[in-house]
1. Checking E116 against (1) closer than 20 Å to I168 by Cα; (2) surrounded by 14 or more Cβ atoms within 10 Å (Cβ to Cβ); (3) touching a helix residue (DSSP H, G or I) at 6+ places or on another chain (Cβ under 8 Å), which test does it fail?
2. Any residue in the range 74-81 that is assigned by TED's automatic domain parsing to the domain that holds A103, surrounded by 11 or more Cβ atoms within 10 Å (Cβ to Cβ) and within 31 Å of the chain's Cα centre (by Cα)?
3. Of the residues I106, I98, I90, which is under 17 Å from the mean Cα position of the chain (by Cα), outside the structural domain of S174 (by TED's automatic domain parsing) and without any contact (Cβ under 8 Å) to a residue 12 or more places away in the chain?
4. Give the residue, chosen from F55, F40, that is closer than 18 Å to L173 by Cα and at pLDDT below 90.
Amino acid sequence: MSPLSRSDSARAKSSRANSVRAMIADAWRKRALSLKAASFALIGVVNTAIDYGVFLLARAGFEKSPAALSLFDALAGSCRCGKPATLLLIAANITSWIVAVSASYIMNSSITFAAESGRKLHWRPYLKFIIAGIAGLIANTATLVFAAQILLLPVYVAKAIAILASFIVNFSLSHFVVFRVRDTP
């Protein structure tokens, strides 16, 4: 074998090795992304329980509070924006959403995006996380209405699609905006 063909053979092996390394690195990155998505989803399940539990507690607390009932009654009368019972539900839902989104930020900072956050809580990413949560809520609601009202899907199917849409929006914004990897100086 001539020296030239040995060098061509070595370059070909090196090129294949680099290609294999690149494929392995790409697979590892995709695995990391899928693990983050799974972690984000599991935290979402925990937060659903938190949201539901806090909603029930807040609703019961508001119903037993004469001051809260008086406030909802006065607000409903002055703005003509619904019944006091409707405003009570909205207040309980907002209360539970704030608690759940805060718990989600803490858990995702500590677990899912620990490498990006350094397991530290900061106000700016927290506010971005809340905005991402609002974007997810809007995506969820828009998808639910579209699927149920326009596509005429059964509500339980429409809600499942809406949950998937909000998961995609929330995870994408969390991964690429809230907890994005920062360039090191």
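1. The number of the failed condition is (3).
2. Applying the first criterion (assigned by TED's automatic domain parsing to the domain that holds A103) to the range 74-81 yields 74-81.
Those still in the list that are surrounded by 11 or more Cβ atoms within 10 Å (Cβ to Cβ) too: 74-76, 81.
Keeping just the survivors that are within 31 Å of the chain's Cα centre (by Cα) gives 81.
Yes: the range 74-81 contains one or more residues that are assigned by TED's automatic domain parsing to the domain that holds A103, surrounded by 11 or more Cβ atoms within 10 Å (Cβ to Cβ) and within 31 Å of the chain's Cα centre (by Cα).
3. Details: I106 fails: without any contact (Cβ under 8 Å) to a residue 12 or more places away in the chain; I90 fails: under 17 Å from the mean Cα position of the chain (by Cα).
Residue meeting the stated conditions: I98.
4. Working: F55 fails: closer than 18 Å to L173 by Cα.
Every option except F40 fails the conditions.
The values are calculated or read from the model by the stated rules, or taken from the named source; none is laboratory data. The structure presented is a predicted model; accordingly, all values stated were derived computationally and were not measured. Neighbour counts run over all protein chains shown; Cβ positions are idealised from the backbone, glycine included.
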